[in-house]
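Taking it in order: structure first as structure tokens, then the write-up.
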Amino acid sequence: MKDTHKHQGLRNQLVKIISEKGITDKNVLNAIAAVPRHLFMDSGFVDFAYQDKAFPIAADQTISQPYTVAFQTQLLAIKPNQKILEIGTGSGYQTAVLIEIGAKVYTIERQLELFKKTKFFLPKLHYKPKKMVFGDGYKGLPEEAPFDGIIVTAGAPIVPNALLAQLKIGGKLVIPIGDEVQIMTLFVRNSEKDFEKHELGEFRFVPMLKEKN
Ligand code: SAH
């Protein structure tokens, strides 16, 4: 499948929708306007790709709602070349948005089927993460730490200490916390031991699960 003028037009409408919902960061809006979301979705859903909704992908997971992707990305306030760790690669759509903004992206996925599919697919669109890891996001990626930002794209029952520990001073963790419903939470690391916490409203994600074995 291709990316056409029609798709670009639909993306421009989507940008208008999410900016009306409160996304203001120009870099984020430009990235949403650029990433061809229809190519990240299963063929049965491509006609809905530019609706502001989450949709099913393989392994019973979802591609996040564009507004949610934009909201989380805006909270990270990424500067070019910053190191960002993503937990929950899924379809790779959020990964592509981060790369489009100029981040160096490290991403972890625990479903083998999705990991394999997205590892093959993203480079075909010229989106090249620094590292794609099959593993457990609760552990973060200590060998590549510290990070300027960490984004969790699954609902976390608790805040994994390993993720807080892998932030630079000044770094940000964006994580939806909760079981049925999640509170989007931003942690900013002010010093070695001091973390500032902000709660930013309710969202719904698939659960962040522990290692399989
Ligand atoms: N960013 C993705 C969202 C996918 S949904 C997208 O826009 O497509 C959340 C993803 O987190 C799922 O793919 C799920 O398998 C993954 N996940 C859940 N628990 C995880 C964990 N402990 N470590 C890594 N990935 C996890």
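So which residues in segment 53-69 are outside any strand (DSSP E or B), out of contact with any Asp or Glu (no Cβ under 8 Å at 6 or more places or on another chain) and crowded, with 16+ Cβ neighbours inside 10 Å, if there are any at all?
Passing the criteria: Ala54, Gln61, Ser64, Thr68, Val69.
Taking the residues in segment 193-213 that are within 16 Å of the ligand (Cβ to nearest atom) and closer than 17 Å to Asp179 by Cβ as candidates, determine which candidate is modelled with the lowest pLDDT.
Keep residues of segment 193-213 that are within 16 Å of the ligand (Cβ to nearest atom), which gives 203-213.
The next check asks that each one be closer than 17 Å to Asp179 by Cβ; those that pass are 203-210.
Working: Phe203: 97, Arg204: 96, Phe205: 95, Val206: 94, Pro207: 95, Met208: 96, Leu209: 92, Lys210: 84.
Among them, the one singled out is Lys210.
Working carefully through the options Phe48, Phe121, find the one that is within 12 Å of the ligand (Cβ to nearest atom) and either more than 16 Å from the chain's Cα centre (by Cα) or at pLDDT below 95 (or both). I'd like the intermediate steps shown before the answer.
On the way: Phe48 fails: within 12 Å of the ligand (Cβ to nearest atom).
So the residue among Phe48, Phe121 that is within 12 Å of the ligand (Cβ to nearest atom) and either more than 16 Å from the chain's Cα centre (by Cα) or at pLDDT below 95 (or both) is Phe121.
Phe134: over 17 Å from the mean Cα position of the chain (by Cα) and surrounded by fewer than 16 Cβ atoms within 10 Å (Cβ to Cβ), yes or no? Let's see the steps before the verdict.
Values: over 17 Å from the mean Cα position of the chain (by Cα): no; surrounded by fewer than 16 Cβ atoms within 10 Å (Cβ to Cβ): yes.
Against the criterion (over 17 Å from the mean Cα position of the chain (by Cα) and surrounded by fewer than 16 Cβ atoms within 10 Å (Cβ to Cβ)), Phe134 does not qualify.
Residues checked against (1) surrounded by 14 or more Cβ atoms within 10 Å (Cβ to Cβ); (2) more than 16 Å from the ligand (Cβ to nearest atom):
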position	(1), (2)
Pro142	no, no
Ala154	yes, no
Val159	yes, no
Leu164	yes, no
Lys172	yes, yes
Pro176	yes, no
Asp179	no, no
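Specify the residue that is nearest to the ligand (Cβ to nearest atom); the eligible residues are those in segment 181-192 that are open to solvent by 30 Å² or more (accessible area, probe 1.4 Å) and within 29 Å of Asn81 (Cα to Cα). Walk me through it before giving the result.
Quick first cut of segment 181-192, residues open to solvent by 30 Å² or more (accessible area, probe 1.4 Å) only: 181, 183, 190-192.
Retained after the next criterion (residues that are within 29 Å of Asn81 (Cα to Cα)): 183, 190-192.
On the way: Ile183: 17, Asn190: 27, Ser191: 28, Glu192: 26 Å.
Among those that are open to solvent by 30 Å² or more (accessible area, probe 1.4 Å) and within 29 Å of Asn81 (Cα to Cα), it is Ile183.
Any chance you could count how many residues in segment 79-96 are assigned to a loop (DSSP other than H, G, I, E, B) and within 13 Å of Lys131 (Cβ to Cβ)?
Applying the first criterion (assigned to a loop (DSSP other than H, G, I, E, B)) to segment 79-96 yields 79-82, 88-92.
If we keep only those that are within 13 Å of Lys131 (Cβ to Cβ) as well, we get 89.
Adding up the residues that qualify gives 1.
Testing Gly90 on (1) near the ligand (Cβ under 7 Å from one of its atoms); (2) open to solvent by less than 20 Å² (accessible area, probe 1.4 Å); (3) at negative phi, one condition comes back false. Which one is that?
Status for Gly90: all satisfied but (3).
So which pairs qualify, if the first residue must be in segment 32-49 and within 16 Å of Thr68 (Cα to Cα), the second must be open to solvent by 10 Å² or more (accessible area, probe 1.4 Å) and outside any loop (DSSP other than H, G, I, E, B), the Cβ gap must be under 6 Å, and the two must be at least 6 apart or on different chains?
Within 6 Å, the pairs are Ile32/Val15; Ala33/Val15; Val35/Glu100.
Within the bounds of segment 143-155, is there any residue that is part of a loop (DSSP other than H, G, I, E, B) and under 17 Å from the mean Cα position of the chain (by Cα)? It would help to see each step written out before you state the result.
Of all residues in segment 143-155, those part of a loop (DSSP other than H, G, I, E, B) come to 145-146, 153-154.
Within this subset, residues satisfying the condition of being under 17 Å from the mean Cα position of the chain (by Cα) are 153-154.
Looking for residues that are part of a loop (DSSP other than H, G, I, E, B) and under 17 Å from the mean Cα position of the chain (by Cα), one finds at least one in segment 143-155, hence yes.
Restricting attention to segment 93-115, and to residues there that are closer than 21 Å to Val46 by Cβ and open to solvent by 50 Å² or more (accessible area, probe 1.4 Å), which single residue is nearest to the ligand (Cβ to nearest atom)?
Step by step, filter segment 93-115, then rank; the result is Glu113.
Restricting the search to segment 186-208, which residues are closer than 17 Å to Gln65 by Cα and not in a loop (DSSP other than H, G, I, E, B)?
Leu200, Gly201, Glu202, Phe203, Pro207
The values are calculated or read from the model by the stated rules, or taken from the named source; none is laboratory data. All values derive from a computational prediction rather than experimental measurement. All Cβ positions, even for glycine, are placed from backbone atoms using ideal geometry, and neighbour counts span all protein chains on display. For accessibility, only protein heavy atoms count, side chains too; no ligands or nucleic acids. Shrake-Rupley method; radii C 1.70, N 1.55, O 1.52, S 1.80 Å.
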